[in-house]
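Here's the structure, in structure tokens; my notes come after.
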Amino acid sequence: MHNVTDVQQQLAAAGTDRCRTIYRRHGVQGDLYGVSYAAQKSLAKKIKTDQPLANALWESGNHDARILATMIADPQRMTVRELERWAKDLDNSVICDAFIGLAARTAHARVLFERWADSPNEWLGACAWTLLSAHAYAHNTEPDEFFLQQLEIIEREIHDRQNRVRYAMNGTVIGIGSRNAALRRAATAAAKRIGKVHVDHGDTGCKTPDAVPYIDKIWARNK
């Protein structure tokens with residue numbers, strides 16, 4: 001049984017000025033230790049799965065504690081209600097990506113996509129479309145028609161969506177295009193019609209991938 005105070009003390013000791021600067025550039029606000037992902041993963045490996053501790057870490061409000069929470073939470077025990085409760089606190093791309101890594105491993109990815117796809121909240125909208133991309137990779141029983149419908153929505157709406165939602169939608173085109181040969185053709189055609197997707201990444205080195213060459217790269221690697 002791990003004590004939340006002890007774990008937070010370990011996180012605080014692992015924090016660095018360099019990581020704090022990087023995370024701030026990526027939009028992280030509030031309480032922050034600045035722990036590298038390597039150190040987070042090492043600590044998560046020692047703790048293993050611990051849902052009560054994950055909940056306590058998330059409730060602490062500290063950014064690094066919440067990152068660790070997504071690593072040690074039990075996907076089998078996370079309910080839709082609990083995921084929605086956590087999601088209310090999402091306010092930057094770093095924690096959003098970590099949260100998606102957890103949510104995608106639950107049985108609720110499609111449910112959350114359908115609930116958040118049209119959300120006026122930028123981070124929920126971004127989560128929704130990134131979860132759909134993960135769903136495209138992981139669930140072979142989903143019919144192609146479902147993904148074709150989402151491609152139509154993306155093509156029609158991507159340029160009018162919020163900044164991070166545009167980025168997520170572009171990633172979803174790539175995810176759908178990586179699913180099978182038929183969807184590769186459909187996603188490639190949609191990406192060509194969509195054209196350049198403009199995303200403001202702020203004071204970071206992040207870039208928005210061009211969907212068509214990225215899809216081709218994935219298929220070449222899979223061969």
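The values are calculated or read from the model by the stated rules, or taken from the named source; none is laboratory data. Remember, predicted model here, so these are calculated numbers, not experimental data. Reconstructed Cβ throughout: ideal geometry from the backbone, glycine too, with neighbour counts over all protein chains shown.
Here are some notes:
- Residue within the stretch 79-87 that is over 29 Å from GLN150 (Cα atoms) and outside any helix (DSSP H, G or I) present: no
- Close contacts from the stretch 81-97, counting a first residue that is without any contact (Cβ under 8 Å) to a residue 40 or more places away in the chain and outside the structural domain of LEU124 (by TED's automatic domain parsing) and a second that is part of a helix (DSSP H, G or I) and basic (Lys, Arg), with Cβ to Cβ under 8 Å and a gap of 6+ residues or different chains, come to GLU84/ARG115; ASP89/ARG66.
- 2 or more residues surrounded by 21 or more Cβ atoms within 10 Å (Cβ to Cβ) and under 16 Å from the mean Cα position of the chain (by Cα): qualifying helices (runs of 4 or more DSSP H) within the stretch 112-223: 122-138, 163-177
- Flag for THR79 being at pLDDT 95 or above and more than 18 Å from ASP200 (Cα to Cα): yes
- Every residue from the stretch 98-120 that is in the same structural domain as GLN149 (by TED's automatic domain parsing) and among the aromatic types (Phe, Trp, Tyr): PHE113, TRP116
- Among (1) modelled with pLDDT under 95; (2) in contact with a Lys or Arg (Cβ under 9 Å, 6 or more places away or on another chain) - the single one LYS223 does not satisfy: (2)
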